[in-house]
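Peer 1: Got a structure for you, written out below as structure tokens; questions coming shortly.
The values are calculated or read from the model by the stated rules, or taken from the named source; none is laboratory data. Computed from a predicted structure; not experimentally measured. Cβ sites come from the backbone with ideal geometry, for glycine too, and all protein chains shown count toward neighbours.
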Amino acid sequence: MKRILIIKPSSMGDIIHGLLVAEAIQAQLPQVQIDWVVREEFLPLVDASSVVARCFSFRRTAGLAAFFRLLRQLRVEPYDAVLDMQGLARSGIMAMAARSPRKIGRFDAREGAKWMCRELIAQPDGPGPWHAVEILGRFLPALGLEQKVQPGLRFKPSNAFADRLPPLAAGRKRIIVFPESRRAEKNWNGYDALSQQLLRLDQVGQVIWCGHLLCEPELEMPEASFINLTAQTGIDDLPGLLESAHCVVSNDSGPMHLAAALGRPLVALFGPTPPQQFGPYPPEQQKQRVITAADGELPNITIEQVLDAVQTILTQY
């Protein structure tokens, strides 16, 4: 195979899982060119990936004319295989439009998408529920490849924000916090107090807040060691910024999955979503600590639980 098209427009966490599979494909097929269909808001992240050659922008709200233009673009060059990792009607239509003898879809596709592909991946072994990466990983044997997915995403060099951060004092460490999720019920309310506690630790030199929406702490933080970058970073800035972290603390969110895929030390907080399906991958990664809220209610996670997990990671890594 020389050219593969992956259709995975959204969401951020799912795209990161797909990128892990793309890395596994290229590890076994070093000469293959991988192109990607992605929603425009996530395009800078996919375009920054070292394994993606070309991105096609899916402008979801731009109307039918833009959608038909995208379909015409997908027909220009032939592909050896098209992988519909999304499994919805619109991604199935994209797969149908692309020029390829092999169009492979998900076994659990919805909205009729499974009927738009000539092949379907096999269901993972066991009773389930399965982690999202376990499902997408089944595209590997469908291509005749070994099903082996590992963390360690690679991105083109871009450390814009990391290079602009104040230097750390000798022996001090940097904590990056993502205090938001796109769903309010996945937001933990203890980041203000946690950040204050972290800044009292001798080993911590900086606490950085980062995220998509502007978020200001309600408690006063020392200016020299607290840096608020919320709503100031592009999605393609995140890999370089995360690489500079000694520990990442996050809700169940896209940045959490990115930190895990980069192999960064991580504390992930889960409430209503089960980490068995949606947690950091791989689940046995020693650098990761997953804290699951009792009864699925995030307020049940205490400051002490998170602080202890962060201190353990800072001691070990």
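Peer 1: Just one of L198, L168, L194 is at pLDDT below 95 and either crowded, with 20+ Cβ neighbours inside 10 Å or more than 19 Å from the chain's Cα centre (by Cα) (or both); which is it?
Peer 2: Being at pLDDT below 95 and either crowded, with 20+ Cβ neighbours inside 10 Å or more than 19 Å from the chain's Cα centre (by Cα) (or both) holds for just one of L198, L168, L194, which is L168.
Peer 1: Quick one: is G234 in the same structural domain as P280 (by TED's automatic domain parsing) and crowded, with 20+ Cβ neighbours inside 10 Å?
Peer 2: Details: in the same structural domain as P280 (by TED's automatic domain parsing): yes; crowded, with 20+ Cβ neighbours inside 10 Å: no.
For G234, the condition - in the same structural domain as P280 (by TED's automatic domain parsing) and crowded, with 20+ Cβ neighbours inside 10 Å - is not met.
Peer 1: Taking segment 30-40, which residues are closer than 30 Å to F67 by Cβ and outside any helix (DSSP H, G or I)? First the steps, then the outcome.
Peer 2: If we filter segment 30-40 for residues that are closer than 30 Å to F67 by Cβ, which is where we start, we get 32-40.
Within segment 30-40, V32, Q33, I34, D35, W36, V37, V38, R39 meet the criteria.
Peer 1: Could you please find all residues in segment 45-68 being farther than 14 Å from I34 by Cβ, in a loop (DSSP other than H, G, I, E, B) and not aliphatic (A, V, I, L, M)?
Peer 2: The answer is R59, R60, T61, G63.
Peer 1: Within segment 208-257, restricting attention to residues that are polar (S, T, N, Q), part of a loop (DSSP other than H, G, I, E, B) and closer than 22 Å to P44 by Cα, which residue is nearest to the chain's Cα centre (by Cα)?
Peer 2: Ranking the qualifying residues of segment 208-257, first place goes to S253.
Peer 1: Does E284 meet the test of being among the acidic types (D, E), at pLDDT 95 or above, over 24 Å from L214 (Cα atoms) and out of contact with any Gly (no Cβ under 9 Å at 6 or more places or on another chain)?
Peer 2: Details: among the acidic types (D, E): yes; at pLDDT 95 or above: no; over 24 Å from L214 (Cα atoms): yes; out of contact with any Gly (no Cβ under 9 Å at 6 or more places or on another chain): yes.
In short, no.
Peer 1: Could you count how many residues in segment 120-136 are buried (at least 21 other Cβ atoms within 10 Å of the Cβ) and closer than 12 Å to G105 by Cα?
Peer 2: Selection size over segment 120-136: 3.
Peer 1: Can you find, within segment 32-79, the residue that is surrounded by the fewest Cβ atoms within 10 Å (Cβ to Cβ) among those that are aromatic (F, W, Y) and over 25 Å from L153 (Cα atoms)? Show your work before the answer.
Peer 2: Here is the first cut: in segment 32-79, the residues aromatic (F, W, Y) are 36, 42, 56, 58, 67-68, 79.
After this cut, where a residue has to be over 25 Å from L153 (Cα atoms) as well, the list is 67-68.
On the way: F67: 17, F68: 11.
Restricting to residues being aromatic (F, W, Y) and over 25 Å from L153 (Cα atoms), the top hit is F68.
Peer 1: Working carefully through the options A62, A66, A22, find the one that is of a type outside the set (F, W, Y), closer than 23 Å to D237 by Cα and without any contact (Cβ under 8 Å) to a residue 60 or more places away in the chain.
Peer 2: Sole residue among the options that is of a type outside the set (F, W, Y), closer than 23 Å to D237 by Cα and without any contact (Cβ under 8 Å) to a residue 60 or more places away in the chain: A22.
Peer 1: Can you tell me which of (1) aliphatic (A, V, I, L, M); (2) over 20 Å from L143 (Cα atoms); (3) more than 22 Å from the chain's Cα centre (by Cα) is the one L88 doesn't meet?
Peer 2: Result: L88 fails condition (3) only.
Peer 1: Ok, one more. Inside segment 98-124, can you point out the residues that are within 20 Å of K2 (Cβ to Cβ), of a type in the set (A, V, I, L, M) and over 25 Å from the mean Cα position of the chain (by Cα)? Walk me through how you get there before you give the answer.
Peer 2: Within segment 98-124, the subset within 20 Å of K2 (Cβ to Cβ) is 98-104, 118-119.
Still in the list and also of a type in the set (A, V, I, L, M): 98, 104.
Across segment 98-124, the qualifying residue is only A98.
Peer 1: Considering only segment 98-138, how many residues are β-branched (V, I, T) and either on the phi > 0 side of the Ramachandran plot or assigned to a helix (DSSP H, G or I) (or both)?
Peer 2: Of the residues in segment 98-138, 2 are β-branched (V, I, T) and either on the phi > 0 side of the Ramachandran plot or assigned to a helix (DSSP H, G or I) (or both).
Peer 1: Considering only segment 201-214, how many residues are touching a strand residue (DSSP E or B) at 6+ places or on another chain (Cβ under 7 Å) and crowded, with 18+ Cβ neighbours inside 10 Å? I'd like the intermediate steps shown before the answer.
Peer 2: Within segment 201-214, the subset touching a strand residue (DSSP E or B) at 6+ places or on another chain (Cβ under 7 Å) is 203-211.
Narrowing further to those that are crowded, with 18+ Cβ neighbours inside 10 Å: 204-211.
Residues in segment 201-214 being touching a strand residue (DSSP E or B) at 6+ places or on another chain (Cβ under 7 Å) and crowded, with 18+ Cβ neighbours inside 10 Å: 8 in total.
Peer 1: Count, please, the residues in segment 298-315 that happen to be surrounded by fewer than 16 Cβ atoms within 10 Å (Cβ to Cβ) and in contact with a Pro (Cβ under 8 Å, 6 or more places away or on another chain).
Peer 2: Residues in segment 298-315 being surrounded by fewer than 16 Cβ atoms within 10 Å (Cβ to Cβ) and in contact with a Pro (Cβ under 8 Å, 6 or more places away or on another chain): 0 in total.
Peer 1: Just to be sure before I move on: is P265 buried (at least 19 other Cβ atoms within 10 Å of the Cβ) and without any contact (Cβ under 8 Å) to a residue 60 or more places away in the chain in the structure I sent?
Peer 2: Details: buried (at least 19 other Cβ atoms within 10 Å of the Cβ): yes; without any contact (Cβ under 8 Å) to a residue 60 or more places away in the chain: yes.
Criteria met by P265.
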